[in-house]
Protein chains: 2
Amino acid sequence: MSRKITVAAAQVGAVHKDASKPETVQRLIKLLHEAAEQKVKLVVYPECTLTTFFPRHLIESREELDSYFEHGADITQSQDVKPLFDEAKAHGIDVCIGYAERTPDGSGYNTSVYYSASTGQVVSKYRKVHLPGRVEPFEDANATNQLEKRYFKPGDLGFKAFRAPGLVHNALKKGQLKEGGKTDGKGDAILGMLICNDRRWPEAWRVYTLQGAEMLMFGYNTGSHMSHLWGGSQMSAEEQEKEALFHSRLVQQANSYMHACFSISSARCGVDDGKYDLIGGSSIVSPEGHVVAEAKSKEDELVVAEIDLAECRKGKERTFDYARHRRVEAYGLITEQTGVVEPELL
Amino acid sequence: MSRKITVAAAQVGAVHKDASKPETVQRLIKLLHEAAEQKVKLVVYPECTLTTFFPRHLIESREELDSYFEHGADITQSQDVKPLFDEAKAHGIDVCIGYAERTPDGSGYNTSVYYSASTGQVVSKYRKVHLPGRVEPFEDANATNQLEKRYFKPGDLGFKAFRAPGLVHNALKKGQLKEGGKTDGKGDAILGMLICNDRRWPEAWRVYTLQGAEMLMFGYNTGSHMSHLWGGSQMSAEEQEKEALFHSRLVQQANSYMHACFSISSARCGVDDGKYDLIGGSSIVSPEGHVVAEAKSKEDELVVAEIDLAECRKGKERTFDYARHRRVEAYGLITEQTGVVEPELL
């Protein structure tokens, strides 16, 4: 039985340091309207969508830093962002969006939420687990910093797969409510969220798909020219961008295949403030690891595909039937040990 | 400091059902001589190198089945295979080779060993953990079986990384023996073995690289035309072979990158008995996920590259610095749970 839905990555081009949030949210709403015209049911926005990617800057004023964060407990009620969720509800489109979250205790997280248009609520929140970069800024004043470890704590919500109610079809309309008030689940999709660097860590994909995830969604801010991080790279700027795109695409395709799930990736891209280059490459990838749709630009662009979640079954029931093939007795080190322990010297 | 070595995948073409082991071993020795001419220090042979890939057949006679297995405790002393190890020792070439192993208690394993020319001994044995296929044969007499789960037990040796003594340079000659009779390890390489389907499971790569593995080696027997396994695939034979090669290459490139190690893959390939097609594609892949060298044929072919193990350091010290970036508290399900448990119904 097919489980077709039309989904989209809403790629977002340059967002400069002085961009106002309401202005940026209007760009997101414009993409949402395009999605509605194309009968899209789910739109995935990038990581930290609402502002420039501020972890590249050393920001010592807490007031300035706080201006990049959302502070309320419920982002759908944030004055700047509420119009986006209102539009999503009006058009019946689910939304996954990333933002910087400041909690009441003052902690920072690199967060994303999944907003369900059919319930009008956030049904899942994820906080980025694999923070790249450093706590201390580079001494070289020309280097582009990556200070996520300075501004954010590692996510404390794990990788919790969730049901997107009625994303495939509206269970209530189809009369699938069972005794006890539960649906049979066939109208739902089982989803998971990652953020940027998480996509390079198969542990994250595995934990989600051990919960039956049919599709993972992630936004990213990935620098095109990171030679200062690479210890004297001899690559040209063009080669560096090509390499960054190659790695981004490679891990998305391979992990979609090895975990038998679809994936949607959404880039914050383009050139921020005239000098900070980010790769594009937003795409929708099948459980066989093939690119179904991809961005053509490094600007605001909606990447749309009709996909059939039932296509996950081939992988999940054969090559990657976890129950038949996984051997957890051989995997102990993955959870016992964080870093490397080499074999003894001979 | 560079850690350069010249390595090779020794791809092996068709091995028919009636091929004799001594004859097949002569082909392996021919490839070894080519390797010696090119100053190769390590040759990786395929999975179950010594015979046709017998798990495709339903074999009900124990005597016939046993003829595909090696029975002694030490394969270097097996009459049929000893000439290969003798040549390897004479030329100072380390060898990784796969074979079917019958233990004294009658168990079968899909095994590989690593033979060190500098010690003249097998320094590590691996038994395939991720056995694909089924216990029961297909009812369709035209189907190609995949009966590894019938003939082999899942490997019971885990993923144990090991030091290949003096593979990078001979520690003894360089006077690197320390107090207490141990080398400083700089002349060794830290290696791990996988077999075929294991390459699709990132858990295996992670366990090895949590032990500092700089390079993984694996052989494979991968069918080109597996449409009967794919539930009514509409792909042509040519498209099926392309897809099988795509998946094989994709997981090797992505896992080499995500685990910051080199990899060498070696195919048993070609057309066995005029009808069983296996993909080629033997290759050597860098820790950045790039193919450094690859087979051009589906026949006996030596694929050679000079690589620098020091190139692993970029990944191991930056993007994939496990100690800084891994968050084991989020990975629990990987070892707690073998199969899928979906989120509760709404």
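A few points about this structure:
- The conditions of being farther than 30 Å from B:Lys314 by Cα, among the polar types (S, T, N, Q) and at the interface with another protein chain (Cβ under 10 Å from one of its Cβ atoms) are not met by A:Thr209.
- Residue in segment A:287-306 that is of a type outside the set (Val, Ile, Thr), in contact with a Leu (Cβ under 6 Å, 6 or more places away or on another chain) and within 14 Å of another protein chain (Cβ to nearest Cβ) present: yes
- B:His225 vs. criteria away from every other protein chain (no Cβ under 12 Å), touching a strand residue (DSSP E or B) at 6+ places or on another chain (Cβ under 6 Å) and in a loop (DSSP other than H, G, I, E, B): yes
- Any chance A:Glu329 is assigned to a loop (DSSP other than H, G, I, E, B), free of Cβ contacts under 8 Å to residues at least 12 places away in the same chain and within 14 Å of chain B (Cβ to nearest Cβ): no
- Output for segment A:294-304, where each listed residue is crowded, with 19+ Cβ neighbours inside 10 Å and over 17 Å from the mean Cα position of the chain (by Cα): A:Lys298
- Residues that are over 17 Å from B:Tyr257 (Cα atoms) and aromatic (Phe, Trp, Tyr) do not occur anywhere in segment A:191-206.
- Residue check for A:Val291: surrounded by 20 or more Cβ atoms within 10 Å (Cβ to Cβ) and under 20 Å from the mean Cα position of the chain (by Cα): no
- Any hit, segment A:52-72, residues being among the polar types (S, T, N, Q), touching a residue at least 60 places away in the same chain (Cβ under 8 Å) and touching an Asp or Glu at 6+ places or on another chain (Cβ under 6 Å): yes
- On the stretch given as segment B:1-23, residues that are buried (at least 17 other Cβ atoms within 10 Å of the Cβ), of a type outside the set (Gly, Ala, Ser) and more than 19 Å from B:Thr222 (Cβ to Cβ) total 4.
- Exactly one residue among A:Ala90, A:Ala19 is touching a Ser or Thr at 6+ places or on another chain (Cβ under 8 Å), at pLDDT 95 or above and not β-branched (Val, Ile, Thr), and that residue is A:Ala19.
- Some residue of segment B:181-190 being more than 12 Å from every other protein chain (Cβ to nearest Cβ), under 19 Å from the mean Cα position of the chain (by Cα) and assigned to a strand (DSSP E or B): no
- Flag for B:Lys242 being at the interface with another protein chain (Cβ under 7 Å from one of its Cβ atoms) and surrounded by fewer than 16 Cβ atoms within 10 Å (Cβ to Cβ): no
- Screening B:Ser283 on (1) touching a residue at least 40 places away in the same chain (Cβ under 8 Å); (2) facing chain A (nearest Cβ under 7 Å); (3) hydroxyl-bearing (Ser, Thr, Tyr) shows it passes everything except condition (2).
- Residue in segment B:64-85 that is part of a loop (DSSP other than H, G, I, E, B), touching a Cys at 6+ places or on another chain (Cβ under 9 Å) and either of a type in the set (A, V, I, L, M) or farther than 30 Å from B:Val168 by Cα (or both) present: yes
- Taking the criterion of being outside any loop (DSSP other than H, G, I, E, B) and in contact with a Gly (Cβ under 9 Å, 6 or more places away or on another chain), the residues of segment A:11-21 that qualify are A:Gln11, A:Val12.
- Every pair of residues 6+ apart whose Cβ atoms lie under 6 Å, when the first sits in segment A:78-94 and is touching a residue at least 12 places away in the same chain (Cβ under 8 Å) while the second is outside any helix (DSSP H, G or I) and loosely packed, with under 14 Cβ neighbours inside 10 Å: A:Lys89/A:Gly120
- Given (1) surrounded by fewer than 17 Cβ atoms within 10 Å (Cβ to Cβ); (2) within 7 Å of chain B (Cβ to nearest Cβ); (3) on the phi > 0 side of the Ramachandran plot, index of the condition A:Gly175 fails: (2)
The values are calculated or read from the model by the stated rules, or taken from the named source; none is laboratory data. The shown structure was predicted, so the numbers you read here are calculated from the model rather than taken from an experiment. Here the Cβ is made from the backbone with ideal geometry for all residues, glycine too, and neighbour counts use every protein chain on show.
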